[in-house]
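Student: I have a structure I would like to understand better, so I am pasting it below and will then ask my questions one at a time.
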Amino acid sequence: MIARILFGCVALAWLPLAAAQSPAPPSVSSPAAAPSAKPPVATTAPSTGDEPFQPTLGDDKETIAASEKWLSLLDDAKLGPAWDVSSKILKSSVTRKEWIKGITAARKPFGKLKSRTPERFARSHSLPGAPDGDYSIIVFETVFANGKKAEEQLIWALEGGDLWRVSGYFIR
């Protein structure tokens, strides 16, 4: 169904997400700045080299903030720019033209945004149909001006070890 648009990954089964209401991976200051957005440096104790990187709550909050900014591109019908700043995973699975057509059709029944609230957040190193890597998954409960409600799921993937980009979007 078009209402489930995945930016790059094959059908992604829903993961039970931890209810940590925390932010988005990349720190995006504005939609125009999104292509060069980099995640914040985590504030942790000095590394001995043995410990795995552990994102902080601050990193998560920035991920949610970046997600809201990226979703505002969709809300403002700036679908091409949203695709432009998305991950290689997404771009390899759908052309810009197909993306614009699919998102337009998927979001049309919902109308204009009234409110959006982050509900669930999780991190994962593997997702069905996607290569292993670092992912952040954020679910928003969204209400539209016409009274319709939807769940929006946004998936961020870490590219090149330091750049977070959107790799998946679903609206149900």
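The values are calculated or read from the model by the stated rules, or taken from the named source; none is laboratory data. In this text the structure is predicted, and so the values were computed from the model without any measurement. No Cβ is skipped: glycine too gets one built from the backbone with ideal geometry, and neighbour counts run over all protein chains shown.
Student: So which pairs qualify, if the first residue must be in the range 152-164 and surrounded by fewer than 18 Cβ atoms within 10 Å (Cβ to Cβ), the second must be among the hydrophobic types (A, V, I, L, M, F, W, C), the Cβ gap must be under 8 Å, and the two must be at least 6 apart or on different chains?
Tutor: L163/A37
Student: Please give the number of the condition R123 fails out of (1) under 18 Å from I171 (Cα atoms); (2) crowded, with 19+ Cβ neighbours inside 10 Å.
Tutor: Of (1) under 18 Å from I171 (Cα atoms); (2) crowded, with 19+ Cβ neighbours inside 10 Å, only one is false for R123: (1).
Student: Under the condition of being farther than 23 Å from Y135 by Cβ and in contact with a Leu (Cβ under 6 Å, 6 or more places away or on another chain), which residue from the range 72-100 is surrounded by the most Cβ atoms within 10 Å (Cβ to Cβ)?
Tutor: It comes out as I100.
Student: Checking A106 against (1) under 16 Å from the mean Cα position of the chain (by Cα); (2) more than 24 Å from G161 (Cα to Cα); (3) buried (at least 20 other Cβ atoms within 10 Å of the Cβ): exactly one of these is not met. Which one?
Tutor: (1)
Student: Any residue in the range 57-71 that is closer than 19 Å to S115 by Cβ sitting within a Cβ distance under 7 Å of a residue that is assigned to a helix (DSSP H, G or I)? List the pairs, counting only those 6 or more apart or interchain.
Tutor: Listed by first residue and then by second, the contacts come to K69/P31; W70/A34; W70/A82.
Student: Counting residues that are of a type outside the set (F, W, Y), at pLDDT below 95 and over 17 Å from L73 (Cα atoms), which strands (runs of 3 or more DSSP E) fully inside the range 119-172 reach at least 2?
Tutor: Correct list: 149-159.
Student: Going through the range 122-151 one residue at a time, which ones are out of contact with any helix residue (DSSP H, G or I) (no Cβ under 8 Å at 6 or more places or on another chain), over 25 Å from F110 (Cβ atoms) and without any contact (Cβ under 8 Å) to a residue 60 or more places away in the chain?
Tutor: H125, S126, D132, G133, D134, Y135
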